[in-house]
1. Do we find a residue being among the acidic types (Asp, Glu), farther than 21 Å from VAL189 by Cβ and surrounded by 18 or more Cβ atoms within 10 Å (Cβ to Cβ) anywhere in segment 227-241?
2. May I ask you to say which residue of ARG345, ARG260 is within 25 Å of LEU220 (Cα to Cα), modelled with pLDDT under 95 and not hydroxyl-bearing (Ser, Thr, Tyr)?
3. Test LYS246 against the criterion of being without any contact (Cβ under 8 Å) to a residue 60 or more places away in the chain, part of a helix (DSSP H, G or I) and basic (Lys, Arg), and give yes or no.
4. Check segment 78-101 and report whether any residue there is free of Cβ contacts under 8 Å to residues at least 24 places away in the same chain, of a type in the set (Phe, Trp, Tyr) and part of a helix (DSSP H, G or I).
5. Picking from LEU203, LEU238, LEU225, which residue would you name as being in contact with a Leu (Cβ under 7 Å, 6 or more places away or on another chain), in contact (Cβ under 8 Å) with a residue 12 or more places away in the chain and not in a loop (DSSP other than H, G, I, E, B)?
6. Of all residues in segment 22-38, which are free of Cβ contacts under 8 Å to residues at least 40 places away in the same chain and either of a type in the set (A, V, I, L, M, F, W, C) or not in a helix (DSSP H, G or I) (or both)?
7. Pull out all pairs, ordered by first then second residue, where Cβ-Cβ is under 6 Å, the residues are six or more apart or on different chains, the first lies in segment 318-342 and is in the same structural domain as GLY206 (by TED's automatic domain parsing) and among the hydroxyl-bearing types (Ser, Thr, Tyr), and the second is surrounded by fewer than 20 Cβ atoms within 10 Å (Cβ to Cβ) and modelled with pLDDT under 95.
Amino acid sequence: MWKDFVMKWKPKVDEKLVEFFKGKEDLASRFKDINERALSFAEDFTVSGGKRVRPILFLAGYISQGKEPDDSILKVAAAIELIHSFLLIHDDIMDKDEVRRGKPTVWKRFENAGFDRHTAYSMAITTGDLVYTYALQLVLESGLPWEMREVVLRNMLRTVEDTGYGQNLDVYFPTKPVEEVSPEDVMLVYKQKTGYYTIVFPLTTGAEIAGADKGTLEALSDYGLKVGIAFQVHDDILGVFGDPEKTGKPVGNDIREGKRTILVLEAYRRGSPEDKEIIRRYLGTDDEEGIKKVMEVIERTGALDYAKELERNLVEEGKKALEKAKISEEIRTFLKEFADYLITREK
């Protein structure tokens, strides 16, 4: 059922995204071909890939109250996807990722166009900022009643703020020795970077502007936070053990980047002195044999099994939270099935 819901609404969101970028072509063309290229890179990066998790959840929240999305609601859904693109463009620079969704990242596209690395980073940062501006413009120009636009913008801005705090923590923690980063630290990053931004924000915003009561919004928020953390735990599993053909990233990528994930911290906590030394030595390096050793430690210590059990438990808790929400049975079923999908996906 969840796939049918996505198949119904994803093309409509994509249509609004294409329509919006088309409307920007004339303005961008007035500022030299480099800005036309930036717009083209941003459009292709946004439209040609992605699962549309966030706009789909926004629409689900809205529909949960018995409302049918119109053109203005679809524009807001598209704006939410633009926020996602903006954050990804910047995230890829920070992580130095060259591939996203099987294609070059935005900064890499600039580099491939002949610019040096610093210039490519700089242009990608500015392009990301433009995409952020596009999202706000699209909400303002959506045609929603002003009080609804105010809700969307307030929630959107708060979410970007929360995500920024989480991103700073995510960048900061790898600078600290692994033994100085706690599971609570990592969970805070998961909440700020993923729980609120990926699930809570779009789902509750859609429900709020559709008239959901306080209790329902709290229940959806509880669902979203738990499922959002599970989503990130699964991302961490894929970031180490995922199939490169499906994830678009090499095996052991998160180890190479030195990320302090629940997998790494749990393996470090459970590991022998020798295991701890392997993690300290190879976490954040390009040593392929060392990365394999860290992966072996994660599996041998049971950290991988722990993470899989954690994501399953979080999803079950999230689904239970839906019992308190006054939502349509169609959306209740969708949200339960969607939660299961998020921790079984392969990319």
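1. no
2. ARG345
3. So LYS246 does not fit the description; no.
4. Within segment 78-101, not a single residue is free of Cβ contacts under 8 Å to residues at least 24 places away in the same chain, of a type in the set (Phe, Trp, Tyr) and part of a helix (DSSP H, G or I).
5. When all the criteria are applied, what remains is LEU203.
6. Of everything in segment 22-38, those that are free of Cβ contacts under 8 Å to residues at least 40 places away in the same chain and either of a type in the set (A, V, I, L, M, F, W, C) or not in a helix (DSSP H, G or I) (or both) turn out to be LEU27, ALA28, ARG30, PHE31.
7. THR333/MET1
The values are calculated or read from the model by the stated rules, or taken from the named source; none is laboratory data. A quick note: this is a predicted structure, and the numbers were derived from the prediction, not measured. Ideal geometry is used to build each Cβ from the backbone, glycine not excepted, and the neighbour counts take in all protein chains shown.
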